[in-house]
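Report on the following structure.
The values are calculated or read from the model by the stated rules, or taken from the named source; none is laboratory data. Since the model is a prediction, treat every value here as computed from it, not as a measurement. Cβ: placed from backbone, ideal geometry, glycine included. Neighbour counts: every protein chain shown.
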Amino acid sequence: MTPDPRTATSRFDADALTGFAQALLVAASMPDDRARDVAGILVEGDLLGHDTHGLQLLPSYLAQIESGDLTVQGEPVVIADHGAALTWDGLRLPGPWLALRAIEVASARARTFGTGTVSIRRSHHIACLATYARRVAEQGLVLLLFSSAPSGSSVAPYGGTRALFSPSPLAIGFPTSADPVMVDVSTSITTNGLTGRLAREGGRLPGPWLIDEEGRPTDDPGVLVPPRAGTILPLGGVDAGHKGYGLALMVEALTAGLAGHGRSDPGARLGATLFIQVIDPQAFSGLPAFREQMDWVATACVENPPVPGGDRVRLPGWRGVSLREQQLRGGVNLRGSIVTELSQWADKLGVPLPLPMETTHD
């Protein structure tokens, strides 16, 4: 039997993948510096183990450059600047490039004022939030990053059956004396990226994380594919989805509310709406005191007795940091379905796909 390429996994050199992704974006007309940022963030997502928000996203980015839904030229427009707080119109510019620029500005303001916040309307998609959390935390700063997609609706409010919210991720990164802690979760129980992949591959979710049109819980991602009209459940699922629902409302307030652009706007609402806040612990009790407190909590977590048969307790993001180090040495693991899509764009744009270091089949 011929192996199914979708079930293969291949390992690629991280630098080679970054150069390949950058070259594809440049071939699609994105300026080199912006392409470098986008490629770096996408590969970083894969390095940290967030493979639904790594290079899996690149084909959609390339398609949106073609359609004009991703703007490659221009600068964000400053709508308001009050020192510690700014609002930008992102004009659908490349999300990772835009987010990194906003973090630079917010970090500089935080060093001056203690906090710096940039609210952005109409950014393009910013990929994996943990990639930004790691970068900020390693500078001894704290990052709060929230994102919503006003044009996207795939999550029903708790108790409802009609899609209203996007999965709306939120992230926090903060330093410890060891690895930084990186929390990166969606306000829904799963993501569009995972459900879309499983629907294409004929897979199922680990549990009843969705509801169909009648509100019946299901693990079948096919209920999200038109003409079906199922929805993703909020974080907490059937039993405790009121918690994810509350978090979704918080994200809407801090993104769409502060940016002044969201679901109430008529017409096309393409783009992500972002809340990016950097906090400098030095402006409060000082970085040493911050680390002392968080080191104690981190130690108390990892030394907490595990459940019977379980592994030791981990801090959020520590597995990703370890996986990143492993994949930098041994290669980035990509699913066959991702490699297939990237190969199609490589052929189309005349950019050679790097040779894999290793390929295995299930």
Next item on the list: For region 263-289, enumerate the residues that are touching a Ser or Thr at 6+ places or on another chain (Cβ under 9 Å) and crowded, with 18+ Cβ neighbours inside 10 Å.
Entry: R269, G271, A272, T273, L274, F275, I276, Q277, V278, I279, D280
Notebook entry, point to check: What tally of residues in region 88-104 results from selecting those that are surrounded by fewer than 20 Cβ atoms within 10 Å (Cβ to Cβ) and in contact with a strand residue (DSSP E or B) (Cβ under 7 Å, 6 or more places away or on another chain)?
Noted result: 2
Check: Just to be sure, is L334 of a type outside the set (D, E) and under 20 Å from the mean Cα position of the chain (by Cα)?
Finding: yes
Next item on the list: Hand me the list of strands (runs of 3 or more DSSP E) wholly inside region 63-179 holding 2 or more residues that are under 20 Å from the mean Cα position of the chain (by Cα), at pLDDT 95 or above and of a type in the set (K, R).
Entry: 115-123
Checklist line | Per-region count, region 275-321, residues of a type in the set (A, V, I, L, M, F, W, C) and touching a Phe, Trp or Tyr at 6+ places or on another chain (Cβ under 7 Å) | finding: 2
Next item on the list: Considering only region 24-62, state which residues are of a type in the set (G, A, S), in contact with a helix residue (DSSP H, G or I) (Cβ under 8 Å, 6 or more places away or on another chain) and either part of a helix (DSSP H, G or I) or free of Cβ contacts under 8 Å to residues at least 24 places away in the same chain (or both).
Entry: A27, A35, A39, G40, G45
Next item on the list: Just give me the residues in region 297-318 being part of a helix (DSSP H, G or I) and more than 10 Å from T176 (Cβ to Cβ), in sequence order.
Entry: A300, C301, V302
Item checked: Filter pass, A259 being within 19 Å of the chain's Cα centre (by Cα) and not β-branched (V, I, T) -> no
Item checked: region 319-343: number of residues that are at pLDDT below 95 and part of a strand (DSSP E or B) -> 1
Next item on the list: Report yes if some residue within region 82-99 is more than 26 Å from A14 (Cα to Cα) and free of Cβ contacts under 8 Å to residues at least 24 places away in the same chain; otherwise report no.
Entry: yes
Notebook entry, point to check: Could you count how many residues in region 190-206 are out of contact with any helix residue (DSSP H, G or I) (no Cβ under 6 Å at 6 or more places or on another chain) and over 20 Å from G49 (Cβ atoms)?
Noted result: 3
Check: Any idea which residue in region 236-285 is farthest from V105 (Cα to Cα), counting only those that are outside any loop (DSSP other than H, G, I, E, B) and in contact with a Lys or Arg (Cβ under 7 Å, 6 or more places away or on another chain)?
Finding: A256
Check: Within region 180-228, which residues are in a loop (DSSP other than H, G, I, E, B) and within 30 Å of R135 (Cα to Cα)?
Finding: P180, T187, I189, T190, T191
Next item on the list: Check region 42-62 and report whether any residue there is of a type in the set (G, A, S) and surrounded by 23 or more Cβ atoms within 10 Å (Cβ to Cβ).
Entry: yes
